[in-house]
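Down below is the structure, laid out as structure tokens.
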Amino acid sequence: MSAKFRVAFIGAGGRSGAYARHYVTRDDIEIVALADPVRHHRRFTIERTGIKNSPEEYDDWRAMLREQKDLDGVVVITPNYLHADPAVACLERGLPVALEKPLATTKEDCERILDAERANGGRTLIGFVLRSTPFYGKIKELLEKRAIGQIVSIQADELPGWGVSSIMNRGLWRRFQKMGGGALLEKCCHDMDILNWTMDARPRSLNSFGDRLIFRPNPALPLNCDECGVATQCKYFRKPVFASFEDESEQELHAYIREDSRCIYNIEKDGVDVQSVNIEYENGAVANFLMNFNTGGERASRNFHAVGHKGRIWGNMAENKVYWFDNLKNQLEVFDTRGDGSGHGGGDQKHAMELHRMMADPNYRPEQNAHAGYLSAVMCFAADISRVERRRVDLAYKETGRVEIR
């Protein structure tokens, strides 16, 4: 290994900054190469994150892997439907891989990644950054201490505001099921993972309902924002404002992906904007989850509420507080969960450094690994089957580590 950990990026989209901005502050990490077919994306990442060592730029990640012989780790941030090929190639080379969520957009591609990891003794860090936030970290800590005893139920919501709703419904690839994998997978595989992580049990079956109920075609509106006569009344006119950002650089990194100023209602898309998932776990507990775009004000963002035999734990991520009520003592305790300002509720920096830990310790395997990503993705695939076919779906676990959707 060289004096510095040599890291390459495959994909230079908005999430690249969540890793690169923290690596450039380290004396022991060097970003040596970026591969992205769009030069503007590469230059944007280099300039906005302060990469000063002039990394090699490539249009094709395959050429980059051929030429860069002494890499120590790779960050894969391609669009969802392009995750599998570069992830498999890096795992076959024996490199630690930080792979943005979701694992992949099909069950088959997810299992290709699992097979490559297993065959090569590989290690994968999935972009489940919420596990690294003070908010969910405190919740997990309380649950592990049995602060509410045995969990009976969890209610969780993901209620994105104007900026995220715009990206999801008129982004270049996220608005299409084939490319993004569906709204639930793209936006809420995070939340499926959090449910599994906090429940500390495997999902056994689920039901799901949902549709496109908000951003439907409207013949009274034009195709383009600039032609609209009700622009002042629309939260989505041209470039909607994100509800909040902990620093300006994170907002800048998202700015260039809001490229499409076509009407959010009339632009072509095939995803849903409202979906609920009801899950039964092997420990008998149940979870309810609701995804609903187009939200603002109090209690928007992510909500979590766990009920156990001895009390309750709840909170709203944007509020930066976790509440614990003890039934026996009839006592409420409130915890401050403000982060370090690194984005995603203070989870970005800690998550990015997980790759550093993987490079420094060949035996370290993060919990937010490919298997966690696989289980989360399978839940999303199963939920969409349930939603479309209007039936309960069961999950069967095989000795091979694969999950069968029934």
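The values are calculated or read from the model by the stated rules, or taken from the named source; none is laboratory data. None of the values given here were measured: they were computed from a predicted structure. Every residue, glycine as well, gets a Cβ built from its backbone with ideal geometry; the counts of neighbours run over all protein chains shown.
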Quiz item: Are any of the residues in the range 292-307 of a type in the set (D, E, K, R) and modelled with pLDDT under 95?
Solution: yes
Practice problem: Provide a single number: the residues in the range 1-34 that are among the charged types (D, E, K, R), more than 19 Å from SER342 (Cβ to Cβ) and at pLDDT below 95. | Solution: 1
Quiz item: Assuming GLN331 fulfils every condition listed in (1) surrounded by 13 or more Cβ atoms within 10 Å (Cβ to Cβ); (2) modelled with pLDDT of 95 or more apart from one, which condition is it?
Solution: (1)
Exercise. Grab the helices (runs of 4 or more DSSP H) fully contained in the range 96-196, keeping just those with 1 or more residues being within 23 Å of ALA370 (Cβ to Cβ).
Key: 107-119, 134-144, 177-180
Quiz item: Out of all the residues in the range 296-318, is one or more within 18 Å of ILE194 (Cα to Cα), free of Cβ contacts under 8 Å to residues at least 12 places away in the same chain and assigned to a strand (DSSP E or B)?
Solution: yes
Quiz prompt | Condition met for ARG42 (outside the structural domain of TRP173 (by TED's automatic domain parsing), among the charged types (D, E, K, R), buried (at least 21 other Cβ atoms within 10 Å of the Cβ) and within 24 Å of the chain's Cα centre (by Cα)) | solution = yes
Quiz item: So which of SER386, SER342 is surrounded by 13 or more Cβ atoms within 10 Å (Cβ to Cβ), out of contact with any Pro (no Cβ under 7 Å at 6 or more places or on another chain) and closer than 30 Å to ALA147 by Cβ?
Solution: SER342
Quiz item: Do we find that ASP273 is modelled with pLDDT of 95 or more, closer than 30 Å to ASN169 by Cα and either among the acidic types (Asp, Glu) or not assigned by TED's automatic domain parsing to the domain that holds ALA156 (or both) in this structure?
Solution: yes
Quiz item: If you take the residues in the range 204-225 that are without any contact (Cβ under 8 Å) to a residue 60 or more places away in the chain and in contact with a Ser or Thr (Cβ under 7 Å, 6 or more places away or on another chain), which one is surrounded by the most Cβ atoms within 10 Å (Cβ to Cβ)?
Solution: CYS225
Quiz item: Got a sec? Which of ASP59, ASP109, ASP36, ASP27 is acidic (Asp, Glu), closer than 18 Å to ARG174 by Cβ and either surrounded by fewer than 24 Cβ atoms within 10 Å (Cβ to Cβ) or in the same structural domain as GLY401 (by TED's automatic domain parsing) (or both)?
Solution: ASP109
Quiz item: Could we say that VAL88 is part of a helix (DSSP H, G or I), at pLDDT 95 or above and either not assigned by TED's automatic domain parsing to the domain that holds ILE385 or not acidic (Asp, Glu) (or both) here?
Solution: yes
Self-check item: Options ASP394, ASP340: the member that is in contact (Cβ under 8 Å) with a residue 24 or more places away in the chain and outside any helix (DSSP H, G or I)
Solution: ASP394
